[in-house]
Each structure stands twice: as C-alpha cells, then as structure tokens.
Amino acid sequence: MSAKSMDELVSLCKRRGFIFQSSEIYGGLQGVYDFGPLGVELKNNLKNAWWKSMVYERDDVEGLDASILTNRLVLNYSGHEDTFTDPMVDCKSCGERFRADQIPDYCKEEDLTEPRQFNLMFKTNIGPVDDGENFGYLRPETAQQIFTNFKNVIDSTSRTLPFGIAQIGKAFRNEITPRNFIFRVREFEQMELEYFVNPGTDENWHENWVELRLAWWEQQGVPKERIRLLNIEGEDLAHYSKKTVDLMYEFPHGEEELEGIANRTDFDLGSHSKNQDQLNIQSKIRKNSDSNSKLAIQDKDSNEWIVPFVIEPSAGVERGVLAILNEAYKVEKLEDGKERIVLALKPHLSPIKAAVIPLKKNNEDLVTLAKNVKDELQSLGKGRVLLENTGNIGKSYRKHDEVGTPMCITIDFDSLEKDTVTIRDRDSMDQKTIQIQDITTYFSNFFK
Ligand code: ATP
C-alpha cells in the first residue's frame, strides 16, 4: 500500500517534522525545501545506505567530495553552457512560464509562444569584482568534478579498470517549473557513481548496473515490481549518451524518473582531456585548449593509453526520500474500528531507531532508568534513540507509528522491581517483556 495522494505525504512531513517549505516565514522560496529533525535523519540514513553499498561493500570504488562552486570552463567543455537547457514557453493568457513538455491543460495552444531554450544553471559572481567576467556556476550535477578529479584519484590510489568514483552532494538547477513537493526542486542532492570501464565492456556493465540498482532500491523498500525500466530513445537521449535506462516510479503525482543509468561513453573524460588527438577518443568532442591533464589510464600489459567509457547510475536523494515515504505510508484499520497511520520504513532508514518511554513523566526512578536505557542503546551507534518523556504511552505509540520508529521500549514499575521492559513492535503491534540486561543484544540483533 502507498499514500493515496501527495497531500497525505506533505501533511505528514510537515506535522511530524520531516520536510518544511524553505524560508517559510517570509512566504517561502519556490522549489526549495528544508529537512526537519526527522527528515535529516531519514536523508542521512538513505545516503549512508548508498555509500555503504557503493563504497564500503565493493572493492572497486573510491569516494569523493568535490566543490559545489565550479570553474566555468568545466561546464563549458562538458557541454552544459551550450546544451543544459529546457525549452520554455510563455502563456499569454495566464502570464506563466512552463517547460514545453509540462504545459497544464488550462492553457490553450493559441496562447502559447514558440519554445525558447532556457539554461538551467545558476551562475554566481566569484570574488569581490562583479564585472560580469568573474563568475562560476553552482554545479548542476555532481558528475563533472568526478571527471576533473580522474587523474588525482588514479594517481593517489593506483586504480586499474574497471573502477568507480562515488559522490553524494548538492546540485542546483533553475527548473522552469519546480513542482510536486520535493520531486522537482531547484536545490537537491544527487548520489552519483561514475564507473570507468574498458571500451567494449561498457554494454555489459550498463546492464549489470541496472540490475544492481534495482536490487538496491528493493533493499530501501521500493520493490522491483514498482519500478519500470524506460529505455530513453531518439532526441530524449542526452547528446553524450550511448544508452540510458531510467528507473520510472509511480510517484503520487504520476510516473516519473527516480534514477537514470547512463552509458556516457568516453565523452566526458575525452572532452576534459589535454592532447586529445593522441588518444583514441570515440565520441564527438570539442577541441580542448585549456585542460592541463591527460584523462586516460595506461593499460598495464599493452602500455596503451585508454580513455575509459563511463557508466553512471545517478539518483536523486529527494526523489528517493519521496518514493520511500510513499511506499512506507499505510493506513491500517484496527480491531477496535479505529485507524492508525504507520510508516513501515525499513529499520535502517527509520529516523528514530527506538523510543524509550517512561510510564510516568514525573517519576524520577522511571525517568532515570529510561535515560540509562536510552544512553546505552544510543552508544551502540545504530542511529538516533529518543527518550520520549510525554507520560502518555498511547500518544507516543501513535507518533512513533507515524514516523516509522521500529520499536518502542516502555519502562514501567516492573522495570524497577523485576528488571524487565516492554518492547512494542511497530508493524505487528505485539508487545513482549524482556529482561533489561538483554536489551542491548535484542536491539543490536534487530538492527544488524
Ligand atoms: P528530469 O527529466 O525529471 O528533469 P533529468 O533526466 O534531468 O530529470 P538527470 O540529469 O538524469 O535528471 O539527474 C539524475 C537524477 O537527479 C534524477 O534521476 C533525479 O533523481 C535527480 N534530479 C534531477 N533533477 C532534479 C530536480 N530538479 N529535483 C530533484 N531531483 C532531481
């Protein structure tokens, strides 16, 4: 089951502190959102899950955290200055601007202007002199700085093909019509891997990565059956791409792209490299007279210089959060006829791993014991554990169901007398009593 509408998710996110409109007290800023106390945990957990699977659990990927501010030459040679555009039309009747493929039904054909190309990059002045010359860009994708650091990474790690460089970070696009909550925003985060392979092995690697990414999304609670693979064709295929498969997910507002997996060929390394004519570059690239680095790798056996092909799985953190919330959102009928909202998040993604709830908020013995249990569980490093000292068990359970906390641990008078605690499971709502001394083992096993 998933949410019935985007409104349900937006409302939960605001009510429980996942996501707020940015600059809200001044009327907001369009296409920009802030992640609140629980949103920041969910987002970090998702990014950690990606990093763990991409970098730590593989033996062929290195990490990178490059700058957001980008030298304009990077985005010139990458092609972004010329081609990172969307067609924009104006509606003379309502006075609004739209992306040409996103015109609402209420605009009539005869009121629309011819599409004009609009560059989506945010340009910003760099340094104290604002003469129109000293500018750079906020990166529109994290990928480019991976390419510009290619030689730094191979020289410092002695990698051979195939290997990858992974990066998570902010990207900025001046979207013509940001909309659908956090689906299409102007400031967002990407989780990108550039995986460098020998030309000729690229098609196999591309297929391989599509499978790996589907399996990963499944582990995050977005099952394979909920994702449709879309092979991008014709003029929709980016100029640098030999093949792109988009993972299409049924968001509350409709089916759209969650992640794209592109075969970027040798276009990027080839475009940013010096001495291009001495390299066997297959893509159509512009002559580079500014780069001081040969972005190629020497084959250990043949000594030949190879410009690797690149397979790029590129996922948006916000779109991931939205899909995961949508999948996890459930309204359940209870035996007493009432309903409960529950976020059935995978435990590793839950913003709060456990809530420790003293039965009475004014009883010092109960509260002290609860605090000790909280501190002990917190020290295990599995994520946030919360002392929920409201004195209202029913209300606390409801709240923690809604935010996806997998377990609630109640400290009551038996805890003081018999050293026991009650653990309530989010999904089954079953309660069981265990000895306090067993709680760390129970907790650690649960979040293994
Ligand atoms: P779309 O066609 O929806 O505009 P795109 O094809 O331009 O997306 P890519 O350039 O492939 O997107 O970017 C890779 C990923 O970054 C996307 O799959 C998406 O998850 C995320 N992303 C791109 N643009 C945005 C945005 N404006 N807001 C949130 N996430 C985005």
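So here's what we get for this one:
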{"read-out": "Residues that are loosely packed, with under 15 Cβ neighbours inside 10 Å and basic (K, R), drawn from the range 322-336", "value": "K333"}
{"read-out": "Qualifying residue in the range 267-275 (condition: touching a residue at least 60 places away in the same chain (Cβ under 8 Å), surrounded by 14 or more Cβ atoms within 10 Å (Cβ to Cβ) and of a type in the set (K, R))", "value": "no"}
{"read-out": "Strands (runs of 3 or more DSSP E) enclosed by the range 48-143 - at least 3 residues per element that are under 22 Å from V185 (Cβ atoms)", "value": "85-90, 97-99, 116-119, 122-125, 135-138"}
{"read-out": "Selected residue [in contact (Cβ under 8 Å) with a residue 40 or more places away in the chain and surrounded by 14 or more Cβ atoms within 10 Å (Cβ to Cβ)] from G36, G31", "value": "G31"}
{"read-out": "Which numbered condition N45 fails, given (1) part of a helix (DSSP H, G or I); (2) crowded, with 21+ Cβ neighbours inside 10 Å; (3) in contact with a strand residue (DSSP E or B) (Cβ under 9 Å, 6 or more places away or on another chain)", "value": "(3)"}
{"read-out": "Residue ID - modelled with the highest pLDDT, chosen from residues in the range 51-96 that are β-branched (V, I, T) and over 28 Å from K284 (Cα atoms)", "value": "V55"}
{"read-out": "Subset of the range 293-319 that is among the polar types (S, T, N, Q) and part of a loop (DSSP other than H, G, I, E, B) - its residue that is nearest to the ligand (Cβ to nearest atom)", "value": "S293"}
{"read-out": "Among the residues listed as G39, G31, the single one being in a loop (DSSP other than H, G, I, E, B) and not aliphatic (A, V, I, L, M)", "value": "G31"}
{"read-out": "Whichever residue in the range 265-292 is touching a helix residue (DSSP H, G or I) at 6+ places or on another chain (Cβ under 6 Å) and acidic (D, E) and, among such residues, is nearest to the ligand (Cβ to nearest atom)", "value": "D268"}
{"read-out": "Close pairs (7 angstrom Cβ cut-off, 6 or more residues apart or separate chains): assigned to a strand (DSSP E or B) in the range 346-364, among the hydroxyl-bearing types (S, T, Y) and modelled with pLDDT of 95 or more anywhere", "value": "I352/T405; A354/T405; A355/S396; A355/T405; I357/S396; I357/T410"}
{"read-out": "Some residue of the range 279-286 being of a type in the set (G, A, S), over 21 Å from K243 (Cα atoms) and in contact with a Ser or Thr (Cβ under 7 Å, 6 or more places away or on another chain)", "value": "no"}
{"read-out": "Any pair with Cβ under 7 angstrom, 6 or more apart, that starts in the range 245-259 at a residue that is not assigned by TED's automatic domain parsing to the domain that holds R228 and ends at one that is more than 7 Å from the ligand (Cβ to nearest atom) and in a strand (DSSP E or B)", "value": "none"}
{"read-out": "Residues that are under 24 Å from L193 (Cα atoms) and part of a loop (DSSP other than H, G, I, E, B), drawn from the range 268-278", "value": "S273, K274"}
{"read-out": "Those residues of the range 234-264 which are over 21 Å from the mean Cα position of the chain (by Cα) and within 14 Å of the ligand (Cβ to nearest atom), in sequence order", "value": "E235, D236, L237, A238, H239, Y240, S241, K243"}
{"read-out": "Sole exception among (1) more than 13 Å from the ligand (Cβ to nearest atom); (2) acidic (D, E); (3) closer than 30 Å to W216 by Cβ for D105, by number", "value": "(3)"}
{"read-out": "Filter result for F163 (under 22 Å from N208 (Cα atoms), within 23 Å of the chain's Cα centre (by Cα) and in the same structural domain as L269 (by TED's automatic domain parsing))", "value": "yes"}
{"read-out": "Any hit, the range 196-204, residues being within 16 Å of the ligand (Cβ to nearest atom) and over 12 Å from the mean Cα position of the chain (by Cα)", "value": "no"}
{"read-out": "Contacts under 8 angstrom Cβ, first residue in the range 421-436 being more than 19 Å from L345 (Cα to Cα), partner aromatic (F, W, Y) and surrounded by 13 or more Cβ atoms within 10 Å (Cβ to Cβ), 6 or more apart", "value": "I434/Y442"}
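For (1) in contact with a strand residue (DSSP E or B) (Cβ under 6 Å, 6 or more places away or on another chain); (2) farther than 20 Å from V317 by Cβ, each residue gets a yes or a no:
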{"position": "W209", "(1), (2)": "yes, no"}
{"position": "E218", "(1), (2)": "no, no"}
{"position": "Y240", "(1), (2)": "yes, yes"}
{"position": "L258", "(1), (2)": "yes, no"}
{"position": "I261", "(1), (2)": "yes, no"}
{"position": "T265", "(1), (2)": "yes, yes"}
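Yes or no, residue by residue, for (1) touching a strand residue (DSSP E or B) at 6+ places or on another chain (Cβ under 8 Å); (2) basic (K, R); (3) more than 19 Å from A315 (Cβ to Cβ):
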residue	(1), (2), (3)
P178	yes, no, no
M191	yes, no, no
D202	yes, no, yes
G221	no, no, no
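The values are calculated or read from the model by the stated rules, or taken from the named source; none is laboratory data. Keep in mind the model is a prediction, meaning the values are calculated, not measured. Backbone-built Cβ (ideal geometry, glycine too); neighbour counts: all protein chains shown.
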